[in-house]
1. When segment 151-185 is examined, which residues are found to be farther than 18 Å from Ala50 by Cβ and among the hydrophobic types (A, V, I, L, M, F, W, C)?
2. Quick one: is Ile5 in a strand (DSSP E or B), of a type in the set (Val, Ile, Thr) and surrounded by fewer than 22 Cβ atoms within 10 Å (Cβ to Cβ)?
3. Among what's in segment 130-163 and is of a type in the set (A, V, I, L, M) and surrounded by fewer than 19 Cβ atoms within 10 Å (Cβ to Cβ), pick the residue that is modelled with the highest pLDDT.
4. For segment 10-33, what are the residues that are farther than 15 Å from Thr52 by Cβ and assigned to a loop (DSSP other than H, G, I, E, B)?
5. Which residue out of Arg68, Arg51, Arg61 is closer than 18 Å to Asp215 by Cα, surrounded by 14 or more Cβ atoms within 10 Å (Cβ to Cβ) and touching a residue at least 60 places away in the same chain (Cβ under 8 Å)?
6. Select from segment 18-32 the residues that are more than 17 Å from the chain's Cα centre (by Cα) and aliphatic (A, V, I, L, M) and write down the one among them that is surrounded by the fewest Cβ atoms within 10 Å (Cβ to Cβ).
7. Where residues in segment 85-129 are more than 22 Å from Phe209 (Cβ to Cβ) and of a type in the set (A, V, I, L, M), which of them is surrounded by the fewest Cβ atoms within 10 Å (Cβ to Cβ)?
8. Is there any pair linking a residue in segment 19-39 that is over 15 Å from Asp59 (Cα atoms) and touching a residue at least 12 places away in the same chain (Cβ under 8 Å) to one that is in a loop (DSSP other than H, G, I, E, B) and of a type in the set (Val, Ile, Thr), with Cβ under 8 Å and at least six apart or on different chains, and which?
Amino acid sequence: MMNRIHVPLADFENQDVDTALELGGARFDVECVNWPETFPYAPLCSGRIARTQDALVVDFRVSGLDLRAQNLQDNGRQWEDSCVEVFIQDPEEKTYYNFEINALGKVLACCGPDRHDRTARPAEEMEEILRFGTEQNVIPGPTGDLEGLQSWRVGVVIPFELIGVDPENLPHSIRANFYKCGDKTAHPHYLSWSPIETPKPDFHRPEFFGELIFD
């Protein structure tokens with residue numbers, strides 16, 4: 001059964017990001033361990049989601065063992081690092097968008113109809129994706145992996161126009177899923193917000209997306 005969450009319009013105009021999300025955002029948890037036999041590890045991952053008049057705001061909070069941060073540029077192999085992800089289906093087209101964000105706030109953003117036929121977003125669109133969090137406390141690079149229990153936060157502001165949504169005519173809802181992964185971390189893991197029913201890890205499955213309902 002898919003998860004659903006209402007996405008409120010928060011007061012980002014009169015409040016700072018933290019206050020607006022705390023008072024006006026909706027809470028979600030990325031805690032589905034879909035493949036417990038092969039990947040049982042589950043770091044804590046939760047967050048808040050809200051919207052402005054023209055953008056979606058998603059804030060992730062993570063606490064878990066080890067932290068990998070080796071992709072130092074956008075549109076790299078972010079999923080191999082300590083990573084959180086937002087996948088959103090275009091409400092009009094048979095395509096979906098993936099935004100994969102490592103602990104440094106570096107984003108992989110692509111669109112396409114399936115996992116194999118995907119196009120990276122151009123540099124000018126990447127600049128429109130605002131990021132915030134604790135990336136200044138993360139040591140980057142090949143020798144920058146942190147051991148032990150680590151806590152970090154990363155958030156993104158994604159303009160509606162980058163996900164096929166007209167901000168002047170918001171649909172009632174869109175399909176989406178949130179993920180927490182780390183393919184090459186010391187403790188590989190694959191968590192989701194809305195459950196995935198596949199025999200092995202596969203986030204590129206829109207049929208298992210949940211629903212974001214716009215208030």
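The values are calculated or read from the model by the stated rules, or taken from the named source; none is laboratory data. Worth saying up front: this structure is predicted, and the values here are computed from it rather than measured. So basically every Cβ, Gly included, is an ideal-geometry build from the backbone, and we count neighbours across all protein chains shown.
1. Passing the criteria: Trp152, Cys181.
2. On the way: in a strand (DSSP E or B): yes; of a type in the set (Val, Ile, Thr): yes; surrounded by fewer than 22 Cβ atoms within 10 Å (Cβ to Cβ): yes.
Yes.
3. We begin by selecting, within segment 130-163, every residue of a type in the set (A, V, I, L, M); these are 130, 138-139, 146, 149, 154, 156-158, 162-163.
Within this subset, residues satisfying the condition of being surrounded by fewer than 19 Cβ atoms within 10 Å (Cβ to Cβ) are 130, 139, 146, 149.
Numbers: Leu130: 96, Ile139: 61, Leu146: 76, Leu149: 90.
Residue satisfying both the conditions and the ranking: Leu130.
4. Val30, Glu31 - these are the residues of segment 10-33 that are farther than 15 Å from Thr52 by Cβ and assigned to a loop (DSSP other than H, G, I, E, B).
5. Values: Arg68 fails: closer than 18 Å to Asp215 by Cα; Arg61 fails: closer than 18 Å to Asp215 by Cα.
After applying the criteria, what remains is Arg51.
6. Taking segment 18-32 as the starting set, the residues that turn out to be more than 17 Å from the chain's Cα centre (by Cα) are 18-20, 22-24.
When the remaining residues are screened for being aliphatic (A, V, I, L, M), the result is 20, 23.
Working: Ala20: 19, Leu23: 13.
Once the filter is applied, the top-ranked residue is Leu23.
7. Ala123
8. Partner pairs satisfying both residue conditions: Cys32/Ile196; Asn34/Ile196; Asn34/Thr198.
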